[in-house]
Structures are given as C-alpha cells and as structure tokens.
1. How do W34, W18 stack up against each other in accessible area, from largest to smallest, with a 1.4 angstrom probe?
2. Can you return the lysines within cross-link range of K72? Criterion is Cα-Cα under 30 Å, with same-chain partners fewer than 8 residues away left out.
3. Ignoring ligands, DNA and RNA, how do L4, L90 rank by accessible area with a 1.4 Å probe, largest first?
4. Provide the per-residue ³J(HN,Hα) series for the range 78-93, in order, calculated from phi with Karplus coefficients 6.51, -1.76, 1.60 and θ = phi - 60°, each as a whole number of Hz, with x at glycine and proline positions.
5. Could you please put L13, L85 in sequence from largest to smallest accessible area, using a 1.4 Å probe?
6. For V38 and K91 in the same chain, what is the full-extension length gain: residue separation times 0.36 nm, less their Cα-Cα distance, in nm?
7. In degrees from 0 to 90, rounded to the nearest 10, what is the angle of the helix 32-62 Cα long axis to the longest principal axis of the chain?
8. How many nm is it between the label spots at S48 and N65, if each spot is 7 Å from the Cα in line with the beta carbon?
Amino acid sequence: MTKLLQWLLGVGLLLGMWACLVWDLVPTQLTPQWKEVVWVAPMYLLMSFACYSLATIGYRVATFNDCEDAAKELQQEIEEARRDLAKKGLKFS
C-alpha cells in the first residue's frame, strides 16, 4: 500500500466516523456540548496538522546541512560547460 493510499484511508475513516457522529447515523449518548466539540473537530485537526507541518519545515530549514563538496563539483561542471560552449562559439557577457 502506498503512502498516499494510507493517508486517504486514514482521512476517509476519520471523516466517516465524524459524519456518523454529526448526523446521528450511529446512536450515541452524546450531550449537546460534546456534539459541538465533534462538529468543529475537523477544523482543530486541520489546524494542528498545519502547525505540525510548519514546525517540521522550520526545523528542517534550520538544520539543513551545507554540501560544500557538491557545491564545488557543481561549480567545476559549470566552468567545464562554459569552456565547452565557448569552444562552440558562444560568448558570455
């Protein structure tokens, strides 16, 4: 099972359970206060996911490693390409 299918299955199950509780498709003894909590639960989950995503992106950017060897290799390849193109008549300004 791919990661996408896992996510879709999880979201589908949560959405199905939420719909059953909101529209009383399953008989439960929820008080009106809990029904209000269930009604806004998807928004809270979405906001929590957004905060987690932003925190993860911020952490990954803050701990991003510099690849000095790869940068040097790339610069060498660029210079090699410039020399090759210069031999073929391309002029760089």
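The values are calculated or read from the model by the stated rules, or taken from the named source; none is laboratory data. As the structure is a prediction and not an experimental result, all values here were calculated from the model. All Cβ positions, glycine included, derive from the backbone under ideal geometry; neighbour counts span all protein chains shown. For accessibility, only protein heavy atoms count, side chains too; no ligands or nucleic acids. Shrake-Rupley method; radii C 1.70, N 1.55, O 1.52, S 1.80 Å.
1. Values: W34 150, W18 55 Å².
Per-residue accessible area, sorted high to low, gives W34, W18.
2. K87, K88, K91
3. Numbers: L4 115, L90 85 Å².
If we order L4, L90 from most to least accessible, we get L4, L90.
4. After applying 6.51 cos²θ - 1.76 cosθ + 1.60, I find 5, 5, 4, 5, 4, 4, 5, 5, 5, 5, 7, x, 7, 9, 9, 9 Hz.
5. Details: L13 105, L85 70 Å².
These residues rank, largest area first, as L13, L85.
6. Numbers: separation 53, 0.36 × 53 = 19.08 nm, distance 6.67 nm.
Stretched fully, the V38-K91 segment lengthens by 12.4 nm.
7. That works out to roughly 20 degrees.
8. The two pseudo-label positions are separated by 3.3 nm.
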